[in-house]
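Each reported figure results from applying straightforward, stated rules to the coordinates on display, with no laboratory input. Quick caveat: nothing in here was measured; it's all calculated off a predicted structure. So basically every Cβ, Gly included, is an ideal-geometry build from the backbone, and we count neighbours across all protein chains shown.
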Amino acid sequence: MILIKDSTVVDGTGKPGERADILIKDDRISAIGKLGSQKTATVIEGRGLISVPGFIDVNTDSDHYLSLFTDRGQHDFLLQGVTTIFGGHCGSSLAPLLRGSLQSIRKWGDTGAVNVDWQLMDEFLATLDRLKIGVNFGTLVGHSTIRRALLGEDARDLTARDMEAFESLLKQALDHGGFGLSTGLAYNHSRHTPYLEIKALTDVVASRRGVYTTHLRSEAEHLLESVQETISIAKESKLPTIISHFRAIKGSEAQFEESVELIEAAAAEGVPIWFDAYPFDYSMLPVYMMLPDSIRVGSLEHMLAALSTSHGEGIVYESLPRLRVADLVIARAPGFDYLVGKTIGHFAESNELNLKQALLKLMKLTRLRAVLFYKNINFDITSKALLSERALVASNSPSLVEGRNVIENERAKNTFSRFLEIAAAQKKTIEWSVKKLTAVPAGVFNIPHRGLLKEGAIADIALLSSPVASSSRAYTGATHVLVGGKQVVADGAFADVYNGKILRRT
Ligand SMILES: [Zn+2]
């Protein structure tokens, strides 16, 4: 038994916090109140701390970057008080894999690092059960993952027979525990996906009470259209629908603000539409996404071949946007680790190239597998959107072991703390913020017994230091964290305890 003594309990419902003790037996909360001393219990001194339900990060990249395998503790999340994460976003999940390969995540992860001993969703989830990770994890089913399982590199329309096969694979993956469907409509293998295909597939998900998440076809130039398309899907399918990593891309701020209004208006009419967002000004961008449409077709090898002709190179050179040096940092450069953390400007200078030439050289050197940090987000407008009732908070990042060949990703470490600061500065109560990070996402994803502190709930609990309203650095992360009744963070440090549950849709 564990007794959390005398903390302020903010339970996730939104009601005002109250000082109380929390008693935990096995994996559940057995009592909340003035409990006196409990002889057999391990005591966590909670005075001056706030107890909250463990935060739920609805959109992470820990599967895409394979960090579930390389950083089982997922400590970046735990140290912020996040106890549940979701993956399988942007059209790519680690299952089902009919061809036994991880093609659809090659743009992010080093797929050689993992022994793929699964094909179907249930086999994948069983592999994770055996692995034992630090946080609770659930996954969506990736649209591109299934499409590629069926069609390989072919990006054609589906035939009626393909569609039948697609639907039965999707149903199976959902019945094995997948939480819903994700699409990555900006990526090569999915950007020509017709509306009717998405509609048919979301109807399948709706029949099983899942969710639908989407990386929009366009996040900038055609943002409004893309948002309208997504609202239509949500309206027609009545499926909880989440626009992934929604952000005000510089230059498209007006469309973004109008989109938020559209989403709020649709929600007011009962359309179950949401978006997830993070309070940072950069995105991570696989370098090949900067190629023009005419070259950005098919596999990496195919694009690389096109890039290797002088004609193709000319087309790419002409199409590259005029770049601001500070805006691009090399986050990942397989085979060229010494470049990680450098700006394109630095790389250009040391190679005596102009910026466009330098980018082209990076593309070729890394065979299009480099990933860039791109400061292309309007921070103020995106942060404001995070306070919308339709916003969920998500890092869209992997937890990473220090020293890996990816530069430090502040999003995985600080998204939730920063959100709490921003909300407090805008006079939102801690109760309002905590509900948004816990009970609300638990409701959208239909996860039972989590997201609230109450008797009988699973003991996923974070203890935060008390906030000083309007101080810009009030939250530094979680002091103590429990996952499933076990203490996994003590005094701000990961305790090397792996008690996360692999979640399945119920
Ligand atoms: Zn995405």
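Give the distance, in whole Å, between the Cα centre of segment 74-92 and the Cα centre of segment 327-364.
Here the answer is 29 Å between Cα centres.
Would you work out the charge dipole size for the chain about its Cα centre, treating the Cβ of every Lys and Arg as +1 and the Cβ of every Asp and Glu as -1, and quote it to the nearest 20 debye?
720
Students often check this: by mean Cβ neighbours within 10 Å, which of 425-434, 368-377 ranks highest, and how do the rest follow?
Going by the mean number of other Cβ atoms within 10 Å, highest first, we get 368-377, 425-434.
For segment 215-246 and segment 129-202, what is the separation of their C-alpha centers, rounded to whole Å?
17
Add +1 for every Lys or Arg and -1 for every Asp or Glu among the other residues with Cβ under 13 Å from the Cβ of residue 347, and state the total.
So the environment of residue 347 carries a net charge of +2.
Output the 0 to 90 degree angle, nearest 10, between the alpha-carbon long axis of helix 195-206 and the longest principal axis computed from the alpha carbons of the chain.
20
Per residue of segment 312-321, in order, report the coupling 6.51 cos²θ - 1.76 cosθ + 1.60 (Karplus, θ = phi - 60°) as ³J(HN,Hα) in whole Hz, putting x for Gly and Pro.
Per-residue couplings from phi come out as x, 4, x, 4, 5, 4, 5, 7, 4, x Hz.
Return the FRET efficiency for the residue pair residue 308, residue 115: r is the Cβ-Cβ distance, R0 is 35 Å, and the value is rounded to the nearest 0.05.
0.60
Using the Karplus equation 6.51 cos²θ - 1.76 cosθ + 1.60 (θ = phi - 60°), what ³J(HN,Hα) coupling, rounded to whole Hz, does each residue of segment 219-231 give in order, writing x for Gly and Pro?
9, 9, 4, 10, 4, 4, 4, 5, 5, 4, 4, 5, 4
Among all the lysines, which ones have a C-alpha under 26 Å from residue 435's C-alpha, if same-chain residues fewer than 8 places away are not counted?
Answer for residue 435, where 26 Å is the Cα cut-off: 5, 15, 25, 34, 235, 238, 384, 413, 427, 454, 486, 501, listed by chain and number.
For residue 207 and residue 28 in the same chain, what is the full-extension length gain: residue separation times 0.36 nm, less their Cα-Cα distance, in nm?
Here the segment from residue 207 to residue 28 would lengthen by 61.3 nm.
Whole-Hz Karplus ³J(HN,Hα) for segment 496-502, in order, using 6.51 cos²θ - 1.76 cosθ + 1.60 and θ = phi - 60°, x for Gly and Pro?
In residue order, the calculated couplings are 6, 10, 10, 10, x, 9, 7 Hz.
Report, to the nearest 10°, how far helix 121-131 tilts away from the longest principal axis of the Cα atoms in the chain, using its own Cα long axis and a range of 0 to 90°.
With rounding to tens, the tilt is 60 degrees.
Round to the nearest 0.05 the FRET efficiency obtained for residue 289 and residue 19 when R0 = 60 Å and r is the Cβ-Cβ distance.
E(calc), rounded to 0.05, equals 0.75.
What is the log10 of I(q)/I(0) for segment 289-374, computed with the Debye formula using one identical point scatterer on each Cα and no solvent, at q = 0.22, 0.25 Å⁻¹?
For segment 289-374 at q = 0.22, 0.25 Å⁻¹, log10 I(q)/I(0) is -1.10, -1.37.
Of the listed peptides 436-448, 49-61, 307-319, 179-191, what is their order by residue-averaged count of other C-beta atoms within 10 Å, with the highest listed first?
Listed from highest to lowest mean packing, they are 49-61, 179-191, 436-448, 307-319.
Name the residues whose placed amide hydrogens come within less than 5 Å of the amide hydrogen of residue 451, ignoring near sequence neighbours (fewer than 5 apart) on the same chain.
54
Tell me the net charge near residue 378. Cut-off is 11 Å between Cβ atoms, residue 378 excluded, with +1 for each Lys or Arg and -1 for each Asp or Glu.
Combined, the nearby Lys, Arg, Asp and Glu give 0.
Please state, rounded to one decimal and in Å, the Kirkwood hydrodynamic radius that the chain gives when every pair of distinct Cα atoms enters the mean of 1/r.
Radius from the Kirkwood sum: 23.3 Å.
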